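Presented below is the structure to which this report refers.
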Amino acid sequence: QVQLVESGGGLVPTGGSLTLSCVPSGNIFRTNTMGWYRQAPGKERDLVATITRGGNTNYKDSVKGRFAISRDNAKNTVYLQMNSLKPEDTAVYYCNADIRFSSSGPLRTYWGQGTQVTVSS
């Protein structure tokens, strides 16, 4: 059973930085598009950033210029560098990955358990 293992959340002051990371546990063939989503209390989960295997990125408008998503394909790991954090960035951050278990197998989408990011004002 594959799980996405997230790390790097925590409590930081306004203006601080955090780096999140996410890696699948277990045996996989490769990851395709990976990304980060977040859910604040009382709100729906929404996209923060995604990155394709080839490195094409997409960002939520409110994080452009502050957050950077990257990946290491050899390690099937995705990162989210978050700078200039604001209280409104406070949320549970979830990793998302499309995973292939063989060269000809279908893509399957997985979610991490979530990691809390809290930005104090």
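Since every read-out is calculated from the coordinates, none of them should be taken as a lab result. The model shown is predicted, which means the values in this text are computed figures rather than measured ones. Glycine also receives a Cβ, built like all others from the backbone with ideal geometry; neighbour counts cover every protein chain displayed.
Return one quarter of the surface area of the convex hull spanned by the alpha-carbon atoms of segment 1-43, equal to its mean projected area, in nm². Mind showing how you got there, number by number?
Working: hull surface 18.9 nm².
Average projection, Cα convex hull of segment 1-43: 4.7 nm².
Once fully extended, how much extra length lies between residue 102 and residue 28, figured as 0.36 nm per residue of separation less the alpha-carbon to alpha-carbon distance? Write out the running numbers ahead of the final one.
On the way: separation 74, 0.36 × 74 = 26.64 nm, distance 0.74 nm.
So the extension gain works out to 25.9 nm.
Using mean Cβ contacts within 10 Å as the protection proxy, how do 19-32, 61-74 order, highest first? It would help to have the intermediate numbers written out before the result.
On the way: 19-32: 16.5, 61-74: 14.4.
Those peptides, ordered most packed to least, come out 19-32, 61-74.
Can you work out the FRET efficiency for the pair residue 120 and residue 61, with r the C-beta to C-beta distance and R0 = 22 Å, to the nearest 0.05? Please report the intermediate quantities before stating the final value.
Numbers: r = 24 Å, r/R0 = 1.08.
Between residue 120 and residue 61 the formula returns 0.40.
Give me the tail of P(r) for the chain as a percent: Cα-Cα pairs with distance above 20 Å. Could the numbers behind the result be given before it?
On the way: 2791 of 7260 pairs.
Everything past 20 Å amounts to 38 percent.
List the lysines whose alpha-carbon lies under 21 Å from that of residue 60, not counting same-chain residues fewer than 8 positions away?
43, 86
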